[in-house]
Amino acid sequence: MPPKFTRSAIERAVNRPTVLMVGAGDPMDAALKIALDRHGLFVEAVGLENLRRSVHLAAPDLILLLGDAAAQGGVAALTVLAEDASTAAVPVVLLAQDARLESRMHAFRHGAMAVVPRSASADAIARRVAQLSKELSEHFEEKTGEIGEATFDELVELVKKELRSGILSVHTPGHKGGPMRVVLGAGRPVA
């Protein structure tokens, strides 16, 4: 059964970054929820099942993988998130049992944006996660702004320049104002 996010939960999350804790079986689960809340984060907790749907419903600012979701560098959860463009865009932090460089690199290669080493203190972990959340929001505030208006041709030109192999074809059905089909070639990701 998919998780249910209540209206009161949504109201509490206003003006607080939302962290989606994904995973089960972590001994620090309850303490970590309390510590994250104390550090100004709104926390929703879900299991690995229905992960994509949970991300769509919660619309988190950050995903924290722990317990079974963090096993083997979080590869299973990171793979599920990477399959959908809307979930792949959400930053993922891994609570790691193994803090070796090789393990951290493995997580980064699969899409984690940060690895927080496990410590005996739930408060220390929560402090680091809150710091990462703050850094992310500051980064996005710096980078976002109003682009203004543009024509479709200007958009096509921009996408052509951004993609290595460019736009392969643009097709408009016979009638004016109908749907348009744009075929893009492989290239680097476009924000």
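What is the one condition in (1) at pLDDT below 90; (2) open to solvent by 60 Å² or more (accessible area, probe 1.4 Å) that residue 128 does not satisfy?
Of everything listed in (1) at pLDDT below 90; (2) open to solvent by 60 Å² or more (accessible area, probe 1.4 Å), residue 128 misses just condition (1).
Every residue in the stretch 48-81 that is open to solvent by 20 Å² or more (accessible area, probe 1.4 Å) and outside any helix (DSSP H, G or I), please.
Those that are open to solvent by 20 Å² or more (accessible area, probe 1.4 Å) and outside any helix (DSSP H, G or I): 48, 49, 50, 59, 61.
With respect to residue 7, determine if the residue is over 17 Å from residue 118 (Cβ atoms), modelled with pLDDT of 90 or more and over 21 Å from the mean Cα position of the chain (by Cα).
On the way: over 17 Å from residue 118 (Cβ atoms): yes; modelled with pLDDT of 90 or more: no; over 21 Å from the mean Cα position of the chain (by Cα): yes.
In short, no.
So which residues in the stretch 82-108 are closer than 15 Å to residue 71 by Cα and part of a helix (DSSP H, G or I), if there are any at all? Reasoning before the result, please.
If we filter the stretch 82-108 for residues that are closer than 15 Å to residue 71 by Cα, which is where we start, we get 92-100, 102-108.
Those that are closer than 15 Å to residue 71 by Cα and part of a helix (DSSP H, G or I): 102, 103, 104, 105, 106, 107, 108.
State whether one or more residues within the stretch 137-153 are open to solvent by 90 Å² or more (accessible area, probe 1.4 Å), among the hydrophobic types (A, V, I, L, M, F, W, C) and at pLDDT 85 or above.
no
Could you tell me which of the residues 57, 64, 78, 95 is modelled with pLDDT of 85 or more, touching a strand residue (DSSP E or B) at 6+ places or on another chain (Cβ under 7 Å) and within 12 Å of residue 20 (Cα to Cα)?
That would be 64, the only listed residue that is modelled with pLDDT of 85 or more, touching a strand residue (DSSP E or B) at 6+ places or on another chain (Cβ under 7 Å) and within 12 Å of residue 20 (Cα to Cα).
Please find, among 93, 43, the residue that is open to solvent by 10 Å² or more (accessible area, probe 1.4 Å), of a type in the set (A, V, I, L, M) and under 16 Å from residue 24 (Cα atoms). Give the steps one after another, and end with the answer.
Details: 93 fails: open to solvent by 10 Å² or more (accessible area, probe 1.4 Å).
Result of the check over 93, 43: 43.
Looking at the stretch 104-117 only, could you name the residues that are surrounded by fewer than 17 Cβ atoms within 10 Å (Cβ to Cβ), more than 14 Å from the chain's Cα centre (by Cα) and either within 26 Å of residue 31 (Cβ to Cβ) or among the β-branched types (Val, Ile, Thr) (or both)?
Filtering the stretch 104-117 for residues surrounded by fewer than 17 Cβ atoms within 10 Å (Cβ to Cβ) gives 105, 108-109, 113, 117.
Those still in the list that are more than 14 Å from the chain's Cα centre (by Cα) too: 105, 109, 117.
Listed by number, the list holds a single entry, 117.
The values are calculated or read from the model by the stated rules, or taken from the named source; none is laboratory data. If you're wondering where the values come from, they're calculated on a predicted model, not measured in any experiment. Counting neighbours? That spans all protein chains shown, and the Cβs are built from the backbone with ideal geometry, glycine included. The protein model used for the area step is the full one, side chains on, heavy atoms only, and it has no ligands, DNA or RNA in it. Shrake-Rupley method; radii C 1.70, N 1.55, O 1.52, S 1.80 Å.
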